[in-house]
């Protein structure tokens, strides 16, 4: 498979493609990003990296961090985790609070905010220095020791977290939150404010394409069974209420963030990351989704 | 891969496993089925059929028929179909009417009843003899000319279709239904009342594992791109509000029916069908889900 | 109290008042009404009728008919009726189907469509000639033998009743509907198509202001306890999701119809009817609500 | 009207009546109350007080306090208040968060918790010493300077206010909350922890039966137009999702609290208060509702 030629095709298509999406504005600091940035990196198990554009420039990974925190929590808590958070698609964006109320404080899945906050609560309970250990985990699976948090983004988000505080208080009223709410919010905002490049995201996600092991040295991070589960949750819940559309068009598990990043996994084959800040109305990178759809169309294969 | 030995293991586990589910009772005729029946058939692209139990006994395929009708409608209408029915998971069982009301008569996906009724409306519009042509399509992809409808089940369901009539009237009030409601209900009940065995279902679904072509003679039924889409919809929407759980535990696209059948697809590898009438609270075959989870665990591979 | 002078004031205010509402259009025949029509009639227990405008012109009473059918059903079935329909406000317009689904086919109150259809089902069960007997009841309490149905409106509505058919089928699936759906729809459309003038509505509603008896001859129609209940339901449920606003601004029980009519009751004092076709976004007569608010403000008394 | 004889009848009926309700337990301190306590006081404009049982014993007024805070806020802010909180019934108990999310942080009415918290936010903004001034207002309209907060209850509730914190954070995310969340919660818990007797509540509520003026000295507290509005809101929203039932059975505006108190108003006639701690499943005093229904049945008149 001539991946570089396929990426070249995608690059030329992206350059000509009009964009109607807009950059996320609810976090003031994120709104300042250059909307014309585009980067893409494909990391193949057999043949290494293919890239174009700003694939080495770091951006705010935001909700993509939920995959890393879920991975850590699964290793720390095992199946018990899924007594506190379910694995079903949530249906629609308005449902988070609705469903929490009907379903007694158990979030639908670990990738909606409510679920990611429960995962954060677990990490705050189980780790001595949650922030430091989270950052170390990301550095380790990426082999990139300079990865860090953008503290300006972190401060900006921290001041705008009333909705997340509402979710945590509601879940606490149902007995599903164990730590102090401010401590959880603080950790959660921290994990979302990590910055990585497309290339680094592809490297980090390689554990989900490679049976739970880092590709470089085959260090085991996660059991194959848990890899299957993380990928399955990405497939059904990775794109809010556009998970079906992504699955339908792209056919790969993946996770998006409001910073404009998306990382996808083709188990046994490759990982792929794109970055383009303008978001479609469902909150996913508009050009990012297009680029990934073209990838599985041009290569002619997906997991389906 | 020694599939027969794996199926033997599953058979011995199933025999000892207690069952808490109950047979579907809202259709009186379906309630008469023997709850202890169990059949399983795996159909491998490279090595043919593996079976145990009542794998040759026909049962009511019910909602599994929605995959066949979707396939026909995609071929007849192309992408236009997805302007009338979306491809997102629906969230929960109560949502069908709720979401239809909020979302102006556009069903969430083709596998909830509302969506399958829209697909039926399309077939009624596009086919001269919808019932006959539907049955012929199923016979053709299965290579089994004796497949037929159970008319006792058909009559029994036809008398209990108030909920489906409610869905159709609601969608008609939004302008998303074109044919007479009784005609659509009649066709829809017909398709649900088809009877097939596990082996026949595995044969029929082989087109979704084999890039859209029948395995025996490589007759093309569906384009590879549409195969990807059908499989993607099965993955995210094939099990009502348990789609996430099935994906999480089994890791394959599939579709269940209230008759107790489930058929799953491992693209490029095999199809597999199970039949066990007692349903779990979400309406999916309890032992069927267990058998498929054991299959991907014992083989050590799924699409993830 | 100089009611005529108060009505004169209201008339002069109404003439100058701009209108932003629009005439109901979902029933084609109703859309043809002259939007500038306005009529008002106040019928005082102690001092008779006061009027202005088109107070003698008949119009389509639509949902105001639900008060009459509820009255008949309460007399026929007694408290048993309230096992099949509740007496709580429904919250919002979208809730009808939502609540029916969550609450097992029991409508919130007799004035949302779902509830009025249950009342219609009761009348169809209990009356030999439901249409004739309904019309006779209305003629009797109004002392106006020429009241009749507008058959053009009736035909027009009958062809656009998919939403009501959806409600009936849903409630039938829960076992709360006993008669044939078309028969109920037919009767229900008939009752809604009755035409009356403001003056006739004020006369008919006098039984709710006069302890259940006609004013002219003190014929007993309804027990005082049931009068209290009908008035209470009008107060809390008479204006869809604007019941609170009407109660807040006007302070009287009442019932509106999409034909632009509203009739209100001040128990022990008077009844009052207004007619103005343009509806506000909640489906209630815009000028009608204003006129009634002015009435209780200028008289300085309401039930509160 | 021989009110004392009617109250005697009610007392004898209450003594024999079995109770299935239970005392509110979510606030530990409230759960300690003696469930057999019963008090009733009727305060007639023309003829003074009638009582039986523990009508002089103070209890936790809880949500009844929302009527007092609404009154203060209406005087401070005028109609502007109703841009921040609506006056419609909320439909059902689960709706609070659901509706807030759909309706952009504007609560349905001032008597659900979300609405009362907005009213509290207004008082915190407008008053120099909100707690002191609130208590002074209640003392003044009651003519009872010893009324006070139960600080044990206050502390107990303050520790269990996660649900209210969730509501406030959600409304703050929509821009409808101006003060610090802890400050609002603190004031709101304070107002709920006030203790009053049935006799004191009847005296306080006399302003709503007497056109806005205290009966003793005709001091004007509220304009007649605002009295109409407060009574209208009590009528449609005073009993959570049982407002329709209360209106239907009792036919008077009123407000209940989880401490087991209910106070009702017959404008121009009387106020009446009952206290009995066991609550029905909707959260209203079981015997209290019964006693008030008997009162309007035995007197033969209500506002309807």
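The values are calculated or read from the model by the stated rules, or taken from the named source; none is laboratory data. Note that this is a predicted model, so its numbers are computed, not measured. In this analysis, Cβ positions are derived from the backbone assuming ideal geometry, glycine residues included, and neighbour counts consider all displayed protein chains.
A few points about this structure:
- Of all residues making up region B:30-88, the number that are in a helix (DSSP H, G or I), in contact with a strand residue (DSSP E or B) (Cβ under 9 Å, 6 or more places away or on another chain) and over 30 Å from residue B:126 (Cα atoms): 1
- Meets criteria (more than 8 Å from chain A (Cβ to nearest Cβ), over 20 Å from residue B:90 (Cβ atoms) and touching a residue at least 40 places away in the same chain (Cβ under 8 Å)) for residue B:223: no
- Of all residue pairs spaced 6 or more apart or on separate chains, those with beta-carbon atoms under 7 Å, a first member in region D:137-148 that is farther than 13 Å from residue D:199 by Cβ and a second member that is assigned to a loop (DSSP other than H, G, I, E, B) are D:138/D:147; D:139/D:145; D:139/D:147; D:141/D:214; D:141/D:221.
- Single condition residue D:74 does not satisfy, out of (1) under 30 Å from residue A:99 (Cα atoms); (2) within 14 Å of chain C (Cβ to nearest Cβ); (3) crowded, with 20+ Cβ neighbours inside 10 Å: (1)
- Which numbered condition residue B:263 misses (of (1) within 20 Å of residue B:52 (Cβ to Cβ); (2) within 14 Å of chain A (Cβ to nearest Cβ); (3) buried (at least 24 other Cβ atoms within 10 Å of the Cβ)): (2)
- Positions within region B:169-201 being in contact with a strand residue (DSSP E or B) (Cβ under 8 Å, 6 or more places away or on another chain) and not in a helix (DSSP H, G or I), in sequence order: B:193, B:194, B:195, B:196, B:197
- Residue A:302 being buried (at least 23 other Cβ atoms within 10 Å of the Cβ), more than 14 Å from chain B (Cβ to nearest Cβ), within 27 Å of residue A:13 (Cβ to Cβ) and touching a strand residue (DSSP E or B) at 6+ places or on another chain (Cβ under 8 Å): no
- Positions within region B:163-210 being without any contact (Cβ under 8 Å) to a residue 24 or more places away in the chain and within 20 Å of residue B:231 (Cβ to Cβ), in sequence order: none
- Filter result (under 20 Å from the mean Cα position of the chain (by Cα) and either within 14 Å of chain C (Cβ to nearest Cβ) or buried (at least 23 other Cβ atoms within 10 Å of the Cβ) (or both)) within region B:169-188: B:184, B:185, B:188
- All conditions in (1) crowded, with 24+ Cβ neighbours inside 10 Å; (2) more than 13 Å from chain A (Cβ to nearest Cβ); (3) assigned to a loop (DSSP other than H, G, I, E, B) hold for residue B:273, with the sole exception of (3).
- Scope region B:208-241; condition within 14 Å of the chain's Cα centre (by Cα) and not in a loop (DSSP other than H, G, I, E, B); matching residues: B:208, B:230, B:231, B:232, B:233, B:234, B:235, B:236, B:237, B:240
- Looking only at region D:247-267, and only at residues there that are assigned to a strand (DSSP E or B) and under 14 Å from the mean Cα position of the chain (by Cα), the one that is farthest from residue D:60 (Cα to Cα): D:265
- Check on residue C:203, under 19 Å from residue C:61 (Cα atoms), within 13 Å of the chain's Cα centre (by Cα) and either at pLDDT 95 or above or within 14 Å of chain B (Cβ to nearest Cβ) (or both): no
- Residue under evaluation residue C:244, criteria (1) assigned to a loop (DSSP other than H, G, I, E, B); (2) at pLDDT below 95; (3) farther than 25 Å from residue C:2 by Cβ, criterion not met: (1)
- Evaluating residue A:217 against the criteria (1) over 30 Å from residue B:294 (Cβ atoms); (2) in contact with a helix residue (DSSP H, G or I) (Cβ under 9 Å, 6 or more places away or on another chain); (3) surrounded by fewer than 22 Cβ atoms within 10 Å (Cβ to Cβ) leaves one unmet condition, (2).
- Among the numbered conditions (1) in a helix (DSSP H, G or I); (2) more than 7 Å from chain C (Cβ to nearest Cβ); (3) within 21 Å of residue D:107 (Cα to Cα), the only one that residue D:283 does not meet is (1).
- Test: residue in region C:37-47 that is within 21 Å of the chain's Cα centre (by Cα) and within 14 Å of chain D (Cβ to nearest Cβ): no
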